[in-house]
Amino acid sequence: MNGPAPDSVAAAIERLVRADQGRLLAALIARLGSFQLAEDAMQEALESAVTHWSRNGVPERPQGWVLRVAGRKAIDRLRRDGSENRKIAALRPLLSDLEQADKPEIADDRLRLIFTCCHPALERKTQMALTLRTICGLSTGEVAALFLDTEVAMGQRLTRAKAKIAKAGIAYAVPGPDQWPDRLQSVLSVIYLVFSADYASSAIASRNLAQEAIFLASLLNQLRPEDAEIEGCLALLNLTNARRAARTDWQGVSVPLGNQDRTKWDSDLIAQGLALIDRAMTRGRPGPYQIKAAIAALHCRTNPPDWKQIVMLYDSLLRFEPTPVVRLQRAVALAEAGWLEGALEAIAWLEPALDEYQPFHAARAELFSRAGDKSHARLAYQRALHLTRNPADRALLEQKLKMLG
């Protein structure tokens with residue numbers, strides 16, 4: 001009797017990897033205590049699935065099948081590597097529940113995995129790369145393309161990170177109440193960086209990183225419900241992603257927020273985002289992501305938005321994040337609220353810190369232009385053009401430069 005069509009087996013494995021890889025990998029790491037061993041065992045199990053499923057058909061619960069086989073592959077790998085017998089014996093009880101993995105409920109260890117990937121002992125780029133690789137399931141090549149690295153260099157970075165986690169004895173656990181606020185901000189920061197990378201890079205157009213980030217934030221919200229900052233972060237991502245279709249015009253030129261066609265905004269995402277931020281604010285535990293989401297909500301609720309209220313929100317945000325970038329955003333809001341002179345004065349102080357930051361020069365050029373200082377506006381636009389990598393932003397800056405005459 002012929003087995004299932006190869007295409008159907010390949011499609012089943014692809015669906016499994018896309019939907020469940022992070023969850024399955026987290027379950028394996030929880031039991032094995034090793035990123036590398038879990039990844040290797042998982043890969044071998046998926047390779048076995050191609051052979052076995054082609055012959056016997058896709059099992060009723062493919063996730064359980066992969067976990068069970070991966071556990072056996074891990075034991076085999078340790079034995080081949082000559083690992084001590086007592087280490088193998090210690091692992092057997094941890095892996096025993098995988099033999100019963102055909103049950104519908106598989107323990108979800110991804111929350112612990114997220115906090116491990118985003119541990120403060122790892123630098124931010126490594127945190128982000130490890131999150132994309134393990135939880136989002138991007139290949140090493142895809143992660144490398146995002147950072148404009150070679151695949152070899154990114155592979156080495158990920159290997160060093162896994163070794164550091166093992167050597168430093170970084171706990172594979174959700175932090176306790178005393179560490180939760182600080183560690184959560186690190187996790188949310190990585191999620192937001194993943195989201196922002198979708199707009200900043202076209203290196204892996206086949207992967208919607210914004211959607212990956214929303215998935216991570218939604219996962220956090222499910223695994224840790226009623227946390228105001230998680231709700232604020234998810235609201236911010238939804239409200240920002242809702243404007244995706246309006247960010248460029250038919251010629252591929254970036255469209256500033258105030259000039260976007262609001263009929264292209266996703267009303268369902270906006271409704272979800274507004275509901276989330278309203279719910280978060282009622283909890284009475286303010287934080288930076290709630291404030292950023294509240295600013296995004298004001299842009300969605302009225303046209304033009306209440307710029308004076310936005311300035312006040314930036315004042316609140318500065319208490320949490322007194323960074324040059326937040327001060328730049330506040331200066332832009334000041335100008336929109338009618339205080340152009342104050343905005344120019346505020347932005348002048350930021351040049352030493354933000355000279356290599358393209359949005360700083362673009363904002364500075366716009367403010368100079370409004371003040372009638374075309375000479376300085378032209379220089380600022382030229383500097384912004386020199387720093388931009390995004391083709392849509394480049395087209396907009398060139399357009400504005402031409403308008404100066």
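Note that region 9-61 presents 44 Å² accessible area per residue, ligands and nucleic acids not counted, probe 1.4 Å. Averaging 1/r over each pair of different alpha-carbon atoms in the chain and inverting the result gives 23.7 Å, the Kirkwood hydrodynamic radius. Note that region 257-327 presents 54 Å² accessible area per residue, ligands and nucleic acids not counted, probe 1.4 Å.
Within region 252-345, the proportion of C-alpha pairs whose separation exceeds 15 Å stands at 65%. Of the residues SER375, SER254, SER196, the one with the largest accessible area comes first in the ranking SER375, SER196, SER254, computed with a 1.4 Å probe on protein heavy atoms. Heavy-atom accessible surface of GLU14, to the nearest 10 Å², is about 130 Å², with a 1.4 Å probe and all protein chains retained. Measure nothing but the geometry: give the 0 to 90° angle between the long axis through the Cα atoms of 358-370 and the longest principal axis through the Cα atoms of the chain, rounded to 10°. Taking Cα atoms only, the helix is inclined about 20 degrees.
Rounded to the nearest 10 degrees, the inclination of helix 228-241 to the longest alpha-carbon principal axis of the chain is 70 degrees.
Can you pull out the chymotrypsin sites (Phe, Trp or Tyr not before Pro) in region 209-265 whose DSSP state is coil and whose Cβ has at most 10 other Cβ atoms within 10 Å? Sparse-neighbourhood loop chymotrypsin sites (Phe, Trp or Tyr not before Pro): TRP250. Between GLN251 and ASP315, the FRET efficiency estimated from the beta carbon spacing at R0 = 45 angstrom works out to 0.75. Dipole check for the chain: with +1 at the C-beta of Lys and Arg, -1 at the C-beta of Asp and Glu, and the Cα centre as origin, the magnitude is about 500 Debye.
Accessible surface ranking for LEU113, LEU298, 1.4 angstrom probe, highest first: LEU298, LEU113. When the residues ASP108, ASP20 are ordered by accessible surface, computed with a 1.4 Å probe over the protein chains alone, the sequence from largest down reads ASP108, ASP20. Residue separation of LYS167 and GLN382 scaled by 0.36 nm, minus their Cα-Cα distance, works out to 72.6 nm of gained length. The three principal axes of the Cα atoms in region 293-405 give end-to-end lengths of 36, 31, 28 Å, sorted in falling order. Measuring nothing but how far apart in sequence close Cα pairs (under 8 Å, 6+ apart) lie, relative to its length, the chain scores a relative contact order of 10 percent.
Of the chymotrypsin sites (Phe, Trp or Tyr not before Pro) found in region 303-405, those in coil by DSSP whose Cβ has at most 13 other Cβ atoms within 10 Å are TRP349.
Taken over the Cα atoms of region 291-355, the convex hull encloses 77 Å³ per residue. The angle between the Cα long axis of helix 151-168 and the longest principal axis of the Cα atoms of the chain comes to about 70 degrees, rounded to the nearest 10.
Of all accessible surface on the chain at a 1.4 Å probe, what whole percent is carbon and sulfur? On the chain, the fraction of accessible area on carbon and sulfur atoms equals 51 percent. Taking other residues whose beta carbon is less than 15 angstrom from the beta carbon of TRP265, and scoring Lys, Arg as +1 and Asp, Glu as -1, yields +2.
The values are calculated or read from the model by the stated rules, or taken from the named source; none is laboratory data. Model, not experiment: these values are computed from the prediction. All Cβ positions, glycine included, derive from the backbone under ideal geometry; neighbour counts span all protein chains shown. We work out accessible area using only protein heavy atoms, side chains counted, and drop any ligands, DNA or RNA first. Shrake-Rupley method; radii C 1.70, N 1.55, O 1.52, S 1.80 Å.
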